[in-house]
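Below is one structure, written out as structure tokens; comments come after it.
The values are calculated or read from the model by the stated rules, or taken from the named source; none is laboratory data. Keep in mind the model is a prediction, meaning the values are calculated, not measured. Here the Cβ is made from the backbone with ideal geometry for all residues, glycine too, and neighbour counts use every protein chain on show.
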Amino acid sequence: MIASRSVGRVTEPAIRPAAFVATSPDSLPLALRCQVSQTPEYRRVADREDGRTGIVIVEYVQERIATLHDFGDAVPDAPTDQATVVVPMTDREYRTPAAERVLSTLADIDPARVIVALRTEPANVDAFDTWLAAFDPVETLWCGGRRVQKLLAEHGLDGAQGKGRDVWLGLGVAALDTEYVVIHDADATSYSSAHVRNLLAPLDGEFGFVKGYYARVERNQLFGRLFRLFYVPLVRALADRHDAGILSYLDAFRYALAGEVALTTDLARQLRVSREWGLEIDTLGAAFDAVGFAGTAQVDLGTHVHDHRDVGGSAGLAAMSRAVGAAVFRTIETHGVAPAYETLPARYETAAKTLVEQYAADAAHNGLDYDRAAERDQVARYAAAIESPGSDTRLPAWEDTSLDPERLRRAAQADLESVE
């Protein structure tokens, strides 16, 4: 039996890995290093599918939802032949090493289909499609072509374009002829062939919705900033005032803003999705309604290395916090929670400042670099984004729209052919 052990004193689920593989105890990052060679909390792992051998550190804590750990030596059977993987992409991912790694790995996994939901200008489409065509079985779904936009307008679905809209379009096509859907981004340089299988495997049993979680300790720093400094204290501040099942559910995920999820196509058809950011929260709200605690699982995906965003700017974390907050508020209002928006920013800041001190202690304990002032500044900027969500501009559930996803697919293909 492998005993449970906290690695250092990592207190937040977002940075608490269930497993970390390294070639030796000395090669573990400083944040995770401990005397593993003299304790029973590790074992050597050999013959992993990804070719790595080394040390695995584990814990087996369960949350309100089933938490499925990676103890280092198993990749479960998964129905990859019944699944479509939807990968949203923009110019930001064009020919990047991370995107190349994701696409080539997916080609090795060989799911039923990979749909790249592409948002780019017409002038870039041909080069993008030529690049993507090298990765079988990728299908390019250009989300911005003239025919697609006309079709959406005919059904009253025109409006702002963004990641959520792209994924929504991909979900409609994915649900046509496969039983399961996996959604994930193309910006993880640590992407592994095990990720899709680990996400899909629980769906072939008792679960209807699966979300990934992973460590965000990189470059001797704590990352996952929007989750650590905005989402967690916001949900805690709300839960302190409201005893609601939806808030308990939102608080049950170790990394609620992870973009890696798997779900049944039945659930995919029920999703109402924010057009830009907020998709991750939208999926949680729909999953709570459709499958609840008992039908939800979260799966350990190890340690992820992602691209990082600046705090400022139109695509920065501060702008994202406003959209994520709006998605949280719409979700909980739908479930009967009425936040006191006039006092919530102050209550959020109180919860966040407590966490900043805990993160500071955690970082010091593990020898990490930590800038209290920068983290407090982020908290202040995020607090300014807390406000009533305003009008609901989410896209409808596919099951509630008259749009035929097969017509959408044909329109997107015709748009592609018109620029070639």
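Taking segment 220-314 as the region of interest, the helices (runs of 4 or more DSSP H) fully inside it that hold 1 or more residues being within 23 Å of residue 405 (Cβ to Cβ) are 265-268, 279-290. Pairs meeting the criteria (first residue in segment 385-404 and of a type in the set (Phe, Trp, Tyr), second residue modelled with pLDDT of 95 or more and in a loop (DSSP other than H, G, I, E, B), beta carbons under 6 Å, at least 6 apart or on different chains) are 398/269. Is it the case that some residue within segment 312-319 is touching a residue at least 60 places away in the same chain (Cβ under 8 Å), crowded, with 17+ Cβ neighbours inside 10 Å and in the same structural domain as residue 153 (by TED's automatic domain parsing)? Yes, some residue in segment 312-319 is touching a residue at least 60 places away in the same chain (Cβ under 8 Å), crowded, with 17+ Cβ neighbours inside 10 Å and in the same structural domain as residue 153 (by TED's automatic domain parsing). Among the residues making up segment 168-202, those that are under 17 Å from the mean Cα position of the chain (by Cα), closer than 25 Å to residue 273 by Cβ and hydrophobic (A, V, I, L, M, F, W, C) are 168, 171, 181, 182, 183, 186, 188, 196, 199, 200.
Report yes if residue 328 is surrounded by 21 or more Cβ atoms within 10 Å (Cβ to Cβ) and of a type outside the set (D, E, K, R), otherwise no. In short, yes.
Taken together, the residues in segment 378-400 that are over 30 Å from residue 128 (Cα atoms) and not in a helix (DSSP H, G or I) amount to 9. Take the residues of segment 84-135 that are part of a loop (DSSP other than H, G, I, E, B) and of a type outside the set (D, E, K, R): which is surrounded by the most Cβ atoms within 10 Å (Cβ to Cβ)? Only one residue tops the list, namely 111.
Here residue 34 meets the list (1) at pLDDT below 70; (2) in a loop (DSSP other than H, G, I, E, B); (3) touching a helix residue (DSSP H, G or I) at 6+ places or on another chain (Cβ under 7 Å); (4) farther than 16 Å from residue 198 by Cβ almost entirely, failing just condition (3). Reported count of residues in segment 371-380, each being more than 12 Å from residue 348 (Cα to Cα) and crowded, with 18+ Cβ neighbours inside 10 Å, is 2.
For segment 163-183, a residue qualifies if it is part of a loop (DSSP other than H, G, I, E, B) and at pLDDT 95 or above, and the qualifying residues are 175, 176, 178, 179.
Mind checking which residues of segment 235-251 are under 27 Å from residue 78 (Cβ atoms) and either in contact with a Phe, Trp or Tyr (Cβ under 7 Å, 6 or more places away or on another chain) or at pLDDT below 95 (or both)? Listed by number, the list holds a single entry, 249. Taking each residue of segment 204-217 that is more than 12 Å from residue 264 (Cα to Cα) and looking for partners that are assigned to a strand (DSSP E or B) and modelled with pLDDT of 90 or more with beta-carbon atoms closer than 6 Å, six or more apart or interchain, yields 211/261; 211/298; 212/299; 212/301; 213/298; 214/301.
Has segment 261-278 got at least one residue that is acidic (Asp, Glu), under 26 Å from residue 363 (Cβ atoms) and assigned by TED's automatic domain parsing to the domain that holds residue 183? Within segment 261-278, not a single residue is acidic (Asp, Glu), under 26 Å from residue 363 (Cβ atoms) and assigned by TED's automatic domain parsing to the domain that holds residue 183.
Of the residues in segment 282-291, at least one is surrounded by 21 or more Cβ atoms within 10 Å (Cβ to Cβ) and acidic (Asp, Glu).
Using the structure shown, decide if residue 379 is within 20 Å of residue 229 (Cβ to Cβ) and touching a residue at least 40 places away in the same chain (Cβ under 8 Å). Spelling it out, residue 379 is indeed within 20 Å of residue 229 (Cβ to Cβ) and touching a residue at least 40 places away in the same chain (Cβ under 8 Å). Does residue 415 meet the test of being of a type outside the set (Val, Ile, Thr) and surrounded by 15 or more Cβ atoms within 10 Å (Cβ to Cβ)? Spelling it out, residue 415 is indeed of a type outside the set (Val, Ile, Thr) and surrounded by 15 or more Cβ atoms within 10 Å (Cβ to Cβ).
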